[in-house]
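Read the structure below first, then the notes.
The values are calculated or read from the model by the stated rules, or taken from the named source; none is laboratory data. The structure presented is a predicted model; accordingly, all values stated were derived computationally and were not measured. All Cβ positions, glycine included, derive from the backbone under ideal geometry; neighbour counts span all protein chains shown. Note: accessible area is taken over every heavy atom of the protein model, side chains too, but ligands, DNA and RNA are not part of it. Shrake-Rupley method; radii C 1.70, N 1.55, O 1.52, S 1.80 Å.
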Amino acid sequence: MSSTTDEPAASSQPSEPSDTTEQPGATDAPATTEPEATTTVAETTTTEAPPPTEPFDLSLATLVGAPAATNSMNGASISPLDGNLYVASVGGSEITVHDPETGEILDRLGPDQGVNGPDDVFIADDGTVCWTDLLGGNVGMRSPDGTTTTQAVGPGVNPITMSADGRLFVARIFLGDGLYELDPMLIADPIPLDETLAGLNAFDFGPDGLLYAPSFFTGEVVRIDVDADVIAPEIVASGVGVPSAVKFNSAGEPHVVDLAGGTVSTLDPATGETEQLLRIDATIDNIAIDADDRIFVIAGSDNQVHRIDGDEFMVLGQAGFGLPGGVAVSPDGSVWVGDFFVMRGFSAADPARLETSFYDRFAAPGEAFAGAGSVSADGDNLIVANAFSGSVQVLDPATGDVLEDVRDVVFPVNALRHGPRLVAAQAGGGNVVNANDLTDVLIGDLAIPLGLASDGTTLYVGDWATGDIWVVDDAGPRVLAAGLAQPEGMAVDGDRLLVVETGAQQIVAIDLATGDTSPVITGLDFSAPVVEGFLPTGMLSGVAIGPDGAIYVSDDGVNSVYRFER
């Protein structure tokens with residue numbers, strides 16, 4: 001099987017010297033009594049432009065990495081009507097419609113069309129768009145005439161498909177368990193087939209009328225007779241890694257995705273053996289197969305679609321940030337950006353150049369990176385927190401080793417090193433705690449603790465809901481500044497504190513002595529959609545200071561990370 005190769009880079013030829021003709025020797029000129037002409041050259045001086053002054057605007061920024069056109073990608077389905085590719089996005093709270101030839105986004109179905117937090121999507125024969133709302137726990141349906149209907153099933157509702165005779169099925173994972181049959185019109189109540197069945201992900205019916213499903217947490221593929229009196233999954237294959245999808249082509253051949261391994265393989269249901277078709281370095285969330293048996297592979301964290309067409313492979317769309325969150329800078333100047341299910345590392349010499357990616361491959365606690373909503377520098381190490389996995393980790397970015405992994409913090413939205421303590425903002429508890437001893441509460445009675453910064457002895461905490469910025473030191477907690485508009489990421493900058501003020505679309509500085517505020521960066525766009533069922537903050541918008549004094553800020557409204565030189 002051959003794959004298409006990148007076009008060779010244009011060769012860089014050294015510029016050839018231009019032809020020069022040596023001037024003939026000068027002949028002696030006749031003597032003259034006229035005075036020799038003189039030329040006076042006026043002196044010119046150049047004045048360097050003064051450095052920019054605060055507040056900076058976006059015209060002074062350079063990009064770190066690149067923005068993507070989507071906010072992470074999840075489930076996928078092909079429309080039987082026009083062959084377009086529909087892709088669900090929990091983070092973007094939308095379903096994007098793509099041209100299957102180019103990957104171009106043709107339409108977006110979001111909150112204005114009644115769509116919220118879709119994790120999986122299925123297109124019925126008449127063009128009805130069906131989706132699952134993982135966090136909100138609802139199943140939605142948008143008919144061709146634009147009518148939208150929703151029905152509650154339960155948090156974690158995720159895979160969705162229809163049988164050949166038009167019956168609708170969903171299952172719950174991560175936030176709940178169970179397999180359910182739904183009224184295709186979403187009128188009658190859901191029918192629980194087995195509310196204890198756990199870990200089913202993107203599934204599909206085979207030509208035998210059985211439901212084939214990946215068992216996400218056991219590494220198996222199972223098949224289920226949905227009409228049986230007692231649901232009894234039969235193991236078809238095991239040792240599949242972290243299977244996230246099973247889909248059939250027109251020949252009735254099942255294809256299985258290993259999210260962790262980044263592979264798509266054919267599966268022989270008689271023997272359980274697999275044959276790999278594709279492997280990528282990224283994680284794969286789902287696949288969709290069209291009428292021509294082309295396979296569309298959803299590399300969700302990269303925001304790209306890989307298309308398999310027989311022996312030909314093509315990548316549709318540009319990889320980039322989809323959910324940029326926390327930002328950190330290592331002592332050597334390397335820039336790190338938490339992108340929820342992936343963390344990106346960029347060169348100190350060239351922040352536009354991606355050097356390293358750590359993917360959340362859903363490994364067991366302590367074994368590997370588990371996602372990053374926030375990231376902070378801890379010497380040469382990094383501290384990351386992820387509310388979805390409930391993890392606070394200390395990583396060695398040079399090796400990828402997990403040096404510490406804490407899973408006891410309730411909804412950790414931020415974490416950093418404060419003196420000897422590993423400190424976490426616990427959104428589920430309304431406080432900031434020592435992650436290694438939850439009884440060690442540094443500050444409590446907060447509405448939504450989010451922003452954190454420390455100079456080693458003094459801790460600064462932002463409450464997103466009240467807008468208060470707190471100082472926590474030996475004298476006890478006290479308010480440094482009040483009434484900021486939805487403060488998020490923070491960083492100590494000499495004798496002031498930089499704060500991402502998302503409600504005012506700017507970065508402000510707070511004087512640590514007086515509490516006075518002043519704008520530092522204006523014209524930002526913190527307008528990312530907030531998914532119902534998640535925190536109202538959405539993704540953490542971060543700010544960090546480099547060793548050269550440059551300011552880095554993530555702007556989730558446009559999937560960008562900026563560098564401002566000073």
> What residue, among those in region 151-210 that are touching an Asp or Glu at 6+ places or on another chain (Cβ under 7 Å) and of a type in the set (Gly, Ala, Ser), is surrounded by the fewest Cβ atoms within 10 Å (Cβ to Cβ)?
Replying inline: Ala198
> Applying the selection to region 430-456, what residues are assigned to a strand (DSSP E or B), open to solvent by 20 Å² or more (accessible area, probe 1.4 Å) and among the aliphatic types (A, V, I, L, M)?
Replying inline: Leu438, Val441, Leu442
> Just a yes or no: is a residue in region 384-395 modelled with pLDDT of 95 or more, in contact with a strand residue (DSSP E or B) (Cβ under 8 Å, 6 or more places away or on another chain) and open to solvent by 30 Å² or more (accessible area, probe 1.4 Å)?
Replying inline: no
> Within region 513-566, which residues are open to solvent by less than 40 Å² (accessible area, probe 1.4 Å), of a type in the set (Phe, Trp, Tyr) and within 19 Å of Phe341 (Cα to Cα)?
Replying inline: none
>> Please pick out the residue among Pro365, Pro331 that is open to solvent by 50 Å² or more (accessible area, probe 1.4 Å), part of a loop (DSSP other than H, G, I, E, B) and in contact (Cβ under 8 Å) with a residue 60 or more places away in the chain.
In response: Pro331
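Condition check ((1) under 27 Å from Asp555 (Cα atoms); (2) modelled with pLDDT of 55 or more; (3) within 33 Å of the chain's Cα centre (by Cα); (4) open to solvent by less than 70 Å² (accessible area, probe 1.4 Å)) across all residues:
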position: Pro14; (1), (2), (3), (4): no, no, no, no
position: Thr46; (1), (2), (3), (4): no, yes, no, no
position: Ala61; (1), (2), (3), (4): yes, yes, yes, yes
position: Asp82; (1), (2), (3), (4): no, yes, yes, no
position: Glu101; (1), (2), (3), (4): no, yes, yes, no
position: Ile105; (1), (2), (3), (4): yes, yes, yes, yes
position: Pro111; (1), (2), (3), (4): yes, yes, yes, no
position: Gly117; (1), (2), (3), (4): yes, yes, yes, yes
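Among the residues that make up region 493-500, is at least one of them surrounded by fewer than 17 Cβ atoms within 10 Å (Cβ to Cβ) and not aromatic (Phe, Trp, Tyr)?
Yes: one or more hits.
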> Identify, please: which residue in region 63-80 is closer than 27 Å to Leu134 by Cβ and among the β-branched types (Val, Ile, Thr) and is, among those, nearest to the chain's Cα centre (by Cα)?
Replying inline: Thr70
> If Leu535 passes every condition in (1) within 28 Å of Val335 (Cβ to Cβ); (2) modelled with pLDDT of 95 or more but one, which one does it miss?
Replying inline: (2)
>> Can you find a residue that is of a type outside the set (Phe, Trp, Tyr) and within 24 Å of the chain's Cα centre (by Cα) anywhere in region 436-448?
In response: yes
>> Just to be sure I understand, how many residues within region 212-264 are without any contact (Cβ under 8 Å) to a residue 24 or more places away in the chain, hydroxyl-bearing (Ser, Thr, Tyr) and either open to solvent by less than 10 Å² (accessible area, probe 1.4 Å) or out of contact with any Lys or Arg (no Cβ under 8 Å at 6 or more places or on another chain) (or both)?
In response: 1
>> Testing Val87 on (1) hydrophobic (A, V, I, L, M, F, W, C); (2) within 21 Å of Leu179 (Cβ to Cβ); (3) not in a loop (DSSP other than H, G, I, E, B), one condition comes back false. Which one is that?
In response: (2)
> If you go through region 265-301 one residue at a time, how many are open to solvent by 20 Å² or more (accessible area, probe 1.4 Å) and either part of a helix (DSSP H, G or I) or acidic (Asp, Glu) (or both)?
Replying inline: 7
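Take the residues in region 90-121 that are assigned to a strand (DSSP E or B) and in contact with a Pro (Cβ under 9 Å, 6 or more places away or on another chain), then tell me which one is farthest from Asp145 (Cα to Cα).
Asp119
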> Among the residues of region 540-548, is there at least one that is outside any strand (DSSP E or B), under 25 Å from Val384 (Cβ atoms), modelled with pLDDT of 95 or more and polar (S, T, N, Q)?
Replying inline: yes
> Which residues, counting only those in region 368-395, are more than 21 Å from the chain's Cα centre (by Cα) and in a loop (DSSP other than H, G, I, E, B)?
Replying inline: Gly379, Asp380
>> The conditions are (1) open to solvent by less than 70 Å² (accessible area, probe 1.4 Å); (2) at pLDDT below 50; (3) among the aliphatic types (A, V, I, L, M), and Val87 fails exactly one of them. Which is it?
In response: (2)
>> Which condition from (1) in contact with a helix residue (DSSP H, G or I) (Cβ under 9 Å, 6 or more places away or on another chain); (2) within 23 Å of Ala213 (Cβ to Cβ); (3) open to solvent by 10 Å² or more (accessible area, probe 1.4 Å) is the one that Ala319 breaks?
In response: (2)
> For region 537-566, what are the residues that are closer than 18 Å to Ala68 by Cα and among the aromatic types (Phe, Trp, Tyr)?
Replying inline: Tyr562
>> Every residue in region 334-362 that is open to solvent by less than 40 Å² (accessible area, probe 1.4 Å), in a loop (DSSP other than H, G, I, E, B) and farther than 15 Å from Leu63 by Cα, please.
In response: Asp339, Asp360
